Amino acid sequence: MIGLLVGVPLLGAAVLLLGGRRLDRSGHWLATLLAAASFVIGAVLFASMLGEDAESRAMHSKLFSWVPVEGFQADVAFQLDQLSMTFVLLITGVGTLIHLYSVGYMEHDPKRRRFFAYLNLFLAAMLLLVLADNFLLLYVGWEGVGLASYLLIGFWQHKPSAATAAKKAFLVNRVGDAGLAIAIFLMFTTFGTFAFAPVLSAAGEAGEGKLTAIGLMLLLAACGKSAQVPLQSWLGDAMEGPTPVSALIHAATMVTAGVYLITRSGAIFNGAPDAQLVVVIVGAVTLLFGAIVGCAKDDIKKALAGSTMSQIGYMILAAGLGPIGYAFAIMHLVTHGFFKAGLFLGAGSVMHGMNDEVDMRRYGGLRKHMPVTFVTFGLGYLAIIGFPGLSGFFSKDQIIEAAFGKGGTEGWILGAVTLLGAAITAYYMTRVMLMTFFGEERWRKAPTPSPAEPDVEPAAETRGAYTPPHPHESPKIMTIPMIVLAFGSVFAGGLFKAGESFVGWLEPVTQFEHGHSPVSATAVTAATIVALVLGVGAAYLQYGRKPVPALAPRGSLLTRAARRDLLQDDFNHVVLVSGGTHLTRSLVYVDNKVVDGAVNGTAASFGGLSGRLRRLQNGFARSYAVSMFGGAAVLIAATLLMRAV
Amino acid sequence: MSPVNYVYLAALLFTIGAAGVLIRRNAIVVFMCIELMLNAANLTLVAFSRMHGNLDGQIMAFFVMVVAAAEVVVGLAIIVMLYRSRHSASVDDANLMKL
């Protein structure tokens, strides 16, 4: 039954990829149906799980023995516990909605069948990732989602930018994948196995040094997959993929795999406080980093990508807090899955109605033209900024409270960072909202590049013939998933929070402790609301009261840096690309001069010596006779001498 | 007469032969000197055979004679061919066997 969960979408991918052109007309419905079937199986399993006691809910099923070698047992076996179940429902649920949405979004794409095949492949890989009962099988899923992500980012590979973005995502992910591989090696040498149950139960007995090493490597893996500093640079470019992909893979599911990994390996991190500290720092840095980048981007999808980075920073931070945070990390992950997928689908709907324009400075006033998109996007917006009563409020509030609950100076710093993050979140999301749906309509005006702004690229339409868009609401098949996700954004948080039901549900897997917060929960909530009001107010003053210029102003130094993703690519270029180039150049120099020099020198000296020796062969028989005679004489003399001695 | 004198004679003959091989250029003379060395060796074999009262050396001398006869056949043939092609019997003229 559990195997079926993975098998169904995998079958879909295989059928669609191997079926050929015959399936061009019906393939997308088949894929959607299989995704929905997977969701139904998940729901059935969920229902049967609810029937059990909390302690005996985990299910195991061994499919087959993968590598049966003495001392190295790798099985293809699944483990479905409360944590996996949460992910299964999120992945298949959101996945099905996005399949449905893509039917409308990709309607006119000639490669639609392949797109749906990749989506199904992604679902299968992601389910494998969360259902695996050992780290090796998890690694298979981990690579699988990486592949699906690569294929989907580069789906429009005729655009060089998309092809490059896909390559970048793949390469940056490799760094993280190497971390995961090393972590698995370390686990195997330390524990002799890599199945979850024995590793996690034995984690307490291993030395702290080893646990720290494993933890840091797992964190590296999580950084790669979840776009955390310092491996965050790929996520912004990944927005080159079709918008449903951004919603499913780069917002709701795949990028949260790092949070899953850390939560799943909780026992290892619990035994390694140093690794936990690094996790928390990475989370805190990324949450501010992503938020700042999100503030400056004019591309609606890139602004949302910055926001995703920042929200995952919250989750990683919560996961780094240990047992006081794991449940909240997952809770925020689920609510984030709802509202961020909804926001991306909304952005896709806007782009759909605006001739694929992504520059928010070319939007404005769209609420009249796209009422459904406006309302669903608006609900997602209220959820993400943490408007009281909506899901983001509950989950983010819990994380902020847990951050304070860490205790000591650390707790204060983390609490302050999360509060600041909340304010910036409110700011940039309000900015997106105001620029897109409010204000004057800015797309009709023909843009006039101003000489005062030399670093601003003239918009694409100034170069070609410009046809003004006619904003219109998207078809029902696209709006229905958005409405469902909006419902999730509104109610999920309250549902999870009610009676701590979500925390209680996850507790058998992740453990749970109450943090000892120096400030009361009410004070934290009040501070969150203050941060929210400040953020929204600042954005309103800047983008609501004043008209938004259709061309980006030059901006302050920070704005310009944030537009360039806070110089992350420049940093990578200077440190990694140039550094690597210099390293290889010097290695080539050493190779040419030292290694080749030694080899060539030896060869040349032998060549010279043999050239000299060759002169002895002069062709005169008598000189050969002399050497024979001399040799014989020497031999005889030596023999006699030996006799005498 | 002491058999040791035969050994001295053989040493003298061998020395003459070796010197002739190394010094003379005419192939025929070189060839004769080689024969001289072979016969010197035969003489020592026979002399030592006599000295030790053992017939092995004499038998060996017969073998050497047979080999020398065969060598004369082949060697003279080579020299004749060499002379026909080059009109010279000098061993220094035949110096193509080099790199």
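The values are calculated or read from the model by the stated rules, or taken from the named source; none is laboratory data. Quantities reported herein were computed from a predicted structural model and do not represent experimental measurements. Glycine gets a Cβ as well: all are built from the backbone with ideal geometry, and neighbour counts include every protein chain shown. Please note that ligands, DNA and RNA were not included when accessible areas were found on the heavy atoms of the full protein model with its side chains. Shrake-Rupley method; radii C 1.70, N 1.55, O 1.52, S 1.80 Å.
Here are a few things to note about the model shown:
- Cα long-axis angle, helix A:371-385 against chain A (0 to 90 degrees, to the nearest 10): 70 degrees
- Sparse-neighbour loop sites [trypsin sites (Lys or Arg not before Pro); region A:108-190; at most 15 other C-beta within 10 Å; DSSP]: A:111
- The protein assembly as shown - Rg (one decimal) and Dmax (whole number), Cα, Å: 43.3, 145
- 3J(HN,Hα) from dihedral phi, region A:108-122, Karplus parametrisation 6.51/-1.76/1.60, rounded to Hz, x for glycine, proline: 9, 7, x, 9, 4, 4, 5, 4, 5, 4, 5, 4, 5, 4, 4
- Solvent-accessible area lost in complex, 10 Å² minimum, residues of region A:600-639 relative to chain alone, 1.4 Å: A:614, A:617, A:618, A:619, A:620, A:621, A:622, A:624, A:625, A:626, A:629
- Averaged over its residues, chain A has an accessible area of 42 Å² per residue, based on protein heavy atoms and a 1.4 Å probe.
- For the pair A and B, total buried accessible area rounded to nearest 100 Å², probe 1.4 Å: 1000 Å²
- Shielded residues, region B:12-44 - accessible-area loss of 30 Å² or more between chain alone and all protein chains, probe 1.4 Å: B:22
- Nearest 10 degrees, 0 to 90: helix B:56-86 Cα axis against chain B principal axis: 10 degrees
- 3J(HN,Hα) along region A:349-359, derived from phi through the Karplus expression 6.51 cos²θ - 1.76 cosθ + 1.60 where θ = phi - 60°, amounts to 5, 4, 4, 4, x, 10, 6, 6, 6, 10, 7 Hz, with x in place of Gly and Pro.
- Scaling against 2.2 N^0.38 Å puts the C-alpha radius of gyration of region B:3-86 at 1.25.
- Taking amide H as placed 1.01 Å from N in the peptide plane, the amide H of residue A:66 sits under 5 Å from that of A:74, A:75, A:76, each at least 5 places away or on another chain.
- In the protein assembly as shown, helical runs assigned H by DSSP with n ≥ 4 each contribute -39500 (n - 2.57); averaged across all residues and rounded to the nearest 500, the mean residue ellipticity at 222 nm is -23000 deg cm²/dmol.
- Rounded to the nearest 20 debye, dipole of region A:462-575 from Cβ charges on Lys, Arg, Asp, Glu: 760 debye
- Listed residue pairs exceeding 22 Å between alpha carbons, taken from A:111/A:368; A:111/A:167; A:111/A:225; A:302/A:340; A:62/A:225: A:111/A:368; A:111/A:225; A:62/A:225
- Carbon and sulfur %, accessible surface of the protein assembly as shown computed with the full protein complex present, 1.4 Å: 69 percent
- Angle between chain A longest axis and helix A:476-497 axis [Cα atoms, degrees, rounded to 10]: 90 degrees
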